[in-house]
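Here the structure is laid out as C-alpha cells; the discussion comes afterwards.
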2 protein chains.
Amino acid sequence: MSQTQPQRKLYLEDLSVGDTFSSRHYEMTTERVISFAGEFDPQPFHVDPEAAKQSFFSGLAASGWHTSAVIMRLFAESVPLADGIIGAGCNVEWLSIVRPGDTLHVISTIKNITPSKSKPDRGIVIVENLAINQDGAICQRNTATLVVFRRVDS
Amino acid sequence: MSQTQPQRKLYLEDLSVGDTFSSRHYEMTTERVISFAGEFDPQPFHVDPEAAKQSFFSGLAASGWHTSAVIMRLFAESVPLADGIIGAGCNVEWLSIVRPGDTLHVISTIKNITPSKSKPDRGIVIVENLAINQDGAICQRNTATLVVFRRVDS
C-alpha cells in the first residue's frame, strides 16, 4: 500500500510492512526557524544570520529539533492512527542542513510490526520517517517505535 | 567534574567521560504545552483536556517533541560548547508522561569521547541527557552524538 493523505483511521491490522505514506509539503520560513530556535535552541547558527556565516553550518540552519517537530506534524497527518501516535522512542539522524525557505515533505515507511504477546489489543510498530527537501536531499531520518492498537470488535 | 551552569566555553579537551552537568529548572505550562502541540503534534491527548481524559495518557500530556526541545534549551545552557552544540544524531526514549505544570531539569553526562582519526581538530562525544520532573521521575532519556572541536592554538 502506498498512499497520500488517507482519510480513514488506521488500526494495527490495517498496517503491513512496506506500506508507505507521503505527507504534504511544508515550508520552513525564516521567521519560524529563528523564533523556534530563539525559544529552544538559541545558538548563533540558528538565530543570527550574520554570525551563522562564520559557523560550522556556513549560514543560518534550522534547529534539528524544529525539523523533528515538523516531521511529527506531517507524519501525524499522513498516518492517522485511530488511537493516536504513541511513541516509546525514536532514533533521529540529522543528515543534511535544513535552511530557511526549504520546503520539506515526509515519506513514512512501516519497517516492522510485532504483535504484543502479553497484551493482545496492541502491537509495536517501527516506522521510518524521511524528511526530504525541495532538491530531493534527505535532511532527517527518524525511526520511531510506536504502540499501535487493534480495532475493538463491537 | 560535576558542575552547574559553567561560565566558560568548553572545548573537546575540557570534557572527560563521567562529567555531569545540571541545568536550571523549567516549567511546562499548560498554555505552552497546548500551543506547541497545536502547531506540531495536534492530537487530542496533547491539545484537548477533556478528550485527553479518555486517551491512553488518561489526561493532557506534553508532546514528546516539546520535551525534546526543552531538553535542547537546558542542555545548551548548561554545557556551553565553544563552537555550539552540533548534533549528528540522537536516540530518544520517552519514559514517563510530562504533564502540564511539571517542572523539568536536565542532568547531562559525558558517556564517551572519540577523537577523530581523520580530522585532528575535533572528536565525537556521546552525551546522555535525562529530563527529570519535580518528583524525581525520568521523563525522557536522550543520548546525543555530537561533533565537538578542540581549542585552536593561537
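Taking every residue in segment A:11-26 that is over 28 Å from A:Pro100 (Cβ atoms) and pairing it with any residue that is of a type in the set (Gly, Ala, Ser), at least 6 positions away or on another chain, the pairs with Cβ-Cβ distances below 8 Å are A:Tyr11/A:Ala82; A:Leu12/A:Gly123; A:Asp19/A:Ser2; A:Thr20/A:Ser2; A:Thr20/A:Ser108.
Evaluation of A:Leu10 against the conditions (1) in contact with a Ser or Thr (Cβ under 6 Å, 6 or more places away or on another chain); (2) buried (at least 17 other Cβ atoms within 10 Å of the Cβ); (3) over 22 Å from A:Ile138 (Cα atoms) shows that the sole unmet condition is (1). Scanning segment B:64-91 for residues that are among the β-branched types (Val, Ile, Thr) and buried (at least 23 other Cβ atoms within 10 Å of the Cβ) yields B:Thr67, B:Val70, B:Ile71, B:Val79.
The set of residues from segment B:54-68 being more than 10 Å from chain A (Cβ to nearest Cβ) and in contact (Cβ under 8 Å) with a residue 60 or more places away in the chain comprises just one member, B:Thr67.
Taken over segment B:79-115, the residue count meeting the criterion of being outside any strand (DSSP E or B) and either within 14 Å of chain A (Cβ to nearest Cβ) or of a type in the set (Lys, Arg) (or both) is 11. Take segment B:120-152 and flag every residue that is outside any strand (DSSP E or B) and more than 17 Å from B:Leu10 (Cβ to Cβ). Within segment B:120-152, B:Pro120, B:Asn133, B:Gln134, B:Asp135, B:Gly136, B:Ala137 qualify.
Residues in segment B:28-53 that are hydroxyl-bearing (Ser, Thr, Tyr), touching a residue at least 24 places away in the same chain (Cβ under 8 Å) and not in a loop (DSSP other than H, G, I, E, B): B:Thr30 alone. Of all residues in segment A:59-69, one or more are part of a loop (DSSP other than H, G, I, E, B) and more than 18 Å from the chain's Cα centre (by Cα). For A:Phe56, the conditions (1) modelled with pLDDT of 95 or more; (2) outside any helix (DSSP H, G or I) all hold with the exception of (1). Of the residues making up segment B:35-63, those that are crowded, with 18+ Cβ neighbours inside 10 Å and under 18 Å from A:Glu39 (Cβ atoms) are B:Phe36, B:Ala37, B:Phe40, B:Asp41, B:His46, B:Ala62, B:Ser63.
Here's a check for you: in segment A:9-27, which residue that is among the hydrophobic types (A, V, I, L, M, F, W, C) and in a loop (DSSP other than H, G, I, E, B) is farthest from the other protein chains (Cβ to nearest Cβ)? If you could, list the steps in order and put the result at the bottom.
Here is the first cut: in segment A:9-27, the residues among the hydrophobic types (A, V, I, L, M, F, W, C) are A:10, A:12, A:15, A:17, A:21.
Going one step further and asking which of them are in a loop (DSSP other than H, G, I, E, B), we end up with A:15, A:17.
Working: A:Leu15: 18, A:Val17: 22 Å.
The selected residue is A:Val17.
The values are calculated or read from the model by the stated rules, or taken from the named source; none is laboratory data. From a predicted model like this one, the values you see are computed outputs, not experimental measurements. No Cβ is skipped: glycine too gets one built from the backbone with ideal geometry, and neighbour counts run over all protein chains shown.
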